[in-house]
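S.K.: Sharing a structure here in C-alpha cells format.
The values are calculated or read from the model by the stated rules, or taken from the named source; none is laboratory data. Computed from a prediction, not measured in an experiment: that's the story for all the values here. Cβ coordinates were reconstructed from backbone atoms using ideal geometry, including for glycine residues, and neighbour counts include every protein chain displayed.
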C-alpha cells in the first residue's frame with residue numbers, strides 16, 4: 001500500500017525559529033496538500049499545490065508559510081518565524097485527482113510541531 | 001458556521017450495538033469522503049460517495065449519500081472495540097480545498 005511519508009515525526013523549536021517539515025507524497029499523485037490540526041480541534045486546510053505552484057491557500061497560510069517541491073519526490077512546508085500558536089500536528093496529503101474526487105486523499109502520519 | 005456539521009460529537013456504546021454518525025451541510029457536494037483518525041495519526045480514507053442516494057458498504061460499515069448530495073451518514077452494525085476512533089467527513093463543494101467536519105469520537109466498550 002503506497003504511503004505518504006512525513007519527517008520528522010516530532011519537532012520542538014524555539015519561538016522565532018524557522019522550521020521545515022518534509023513530506024514524500026505518493027509517486028504517481030499530482031496534487032499535494034498541507035493541513036494542520038491543533039490539539040483537540042478540527043483538521044484545517046492550509047494549502048494545495050499542483051504543477052509546481054500553489055492552487056489555493058487558506059487565511060491561515062500567511063506570509064510566514066511557504067511550500068516547495070525542491071525535487072521530484074519531496075514536498076516541504078516552511079514556517080519562517082514560528083509562533084506559539086503554530087504548535088499543532090501538520091499533515092501532508094496527496095491525491096491522484098483534483099480534490100481527491102473518487103479516490104480521496106492519502107495522508108501522512110503527521111509531524112507534531114511544538115513551539116516553546 | 002461550519003461547512004460540514006457532524007453529529008453527535010461524542011458517541012459511546014457497548015460492543016455489539018449499532019451506531020449512526022451524521023454529516024450535514026447546506027452546500028451541495030460533488031462527492032463526500034469519510035475518514036477515520038486514530039490518536040497521533042493522520043486521517044485514513046474509508047470511502048468516497050459520489051452519486052446522490054448512493055449506498056456503499058465496507059464490511060460492517062454502511063455509508064449513504066443524501067439524494068440532494070448535501071448530507072451523508074455512516075452506520076456501523078454490531079460495533080467492536082476496534083471501531084473506536086474519530087470519524088471525519090470531508091468535502092469540497094465548489095472550490096479546491098477539501099474541508100473537514102469537526103468529527104465524531106466513537107468509543108466502543110468491550
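S.K.: Out of the residues in segment B:91-110 that are closer than 27 Å to residue A:57 by Cβ and part of a strand (DSSP E or B), state the one that is nearest to the other protein chains (Cβ to nearest Cβ).
M.R.: That would be B:100.
S.K.: Report, by residue number, each residue of segment A:1-25 that is within 15 Å of residue A:72 (Cα to Cα), within 14 Å of another protein chain (Cβ to nearest Cβ) and either modelled with pLDDT under 95 or assigned to a strand (DSSP E or B) (or both).
M.R.: A:5, A:23, A:24, listed by residue number.
S.K.: Here's a follow-up. Return the only residue of B:42, B:66 being in contact with a strand residue (DSSP E or B) (Cβ under 6 Å, 6 or more places away or on another chain) and under 22 Å from residue B:99 (Cβ atoms).
M.R.: B:42
S.K.: Any idea which of A:58, A:48 is over 21 Å from residue A:10 (Cα atoms), at pLDDT below 95, buried (at least 20 other Cβ atoms within 10 Å of the Cβ) and under 14 Å from the mean Cα position of the chain (by Cα)?
M.R.: A:48
S.K.: Right, something else. State whether the residues of segment A:96-104 include one that is more than 7 Å from chain B (Cβ to nearest Cβ) and either modelled with pLDDT of 95 or more or surrounded by 21 or more Cβ atoms within 10 Å (Cβ to Cβ) (or both).
M.R.: No, because not a single residue in segment A:96-104 is more than 7 Å from chain B (Cβ to nearest Cβ) and either modelled with pLDDT of 95 or more or surrounded by 21 or more Cβ atoms within 10 Å (Cβ to Cβ) (or both).
S.K.: Tell me the residue from B:58, B:88 that is within 21 Å of residue B:11 (Cα to Cα) and either more than 14 Å from chain A (Cβ to nearest Cβ) or buried (at least 18 other Cβ atoms within 10 Å of the Cβ) (or both), please.
M.R.: Only one candidate passes the filter, namely B:88.
S.K.: Looking only at segment B:1-26, which residues are within 14 Å of residue B:100 (Cβ to Cβ) and at pLDDT below 90?
M.R.: Within segment B:1-26, B:2, B:3 meet the criteria.
S.K.: Taking strands (runs of 3 or more DSSP E) that fall entirely within segment B:1-90, which contain at least 3 residues that are touching a residue at least 40 places away in the same chain (Cβ under 8 Å)?
M.R.: Counting at least 3 such residues, we get B:5-7, B:10-14, B:19-24, B:32-37, B:71-76.
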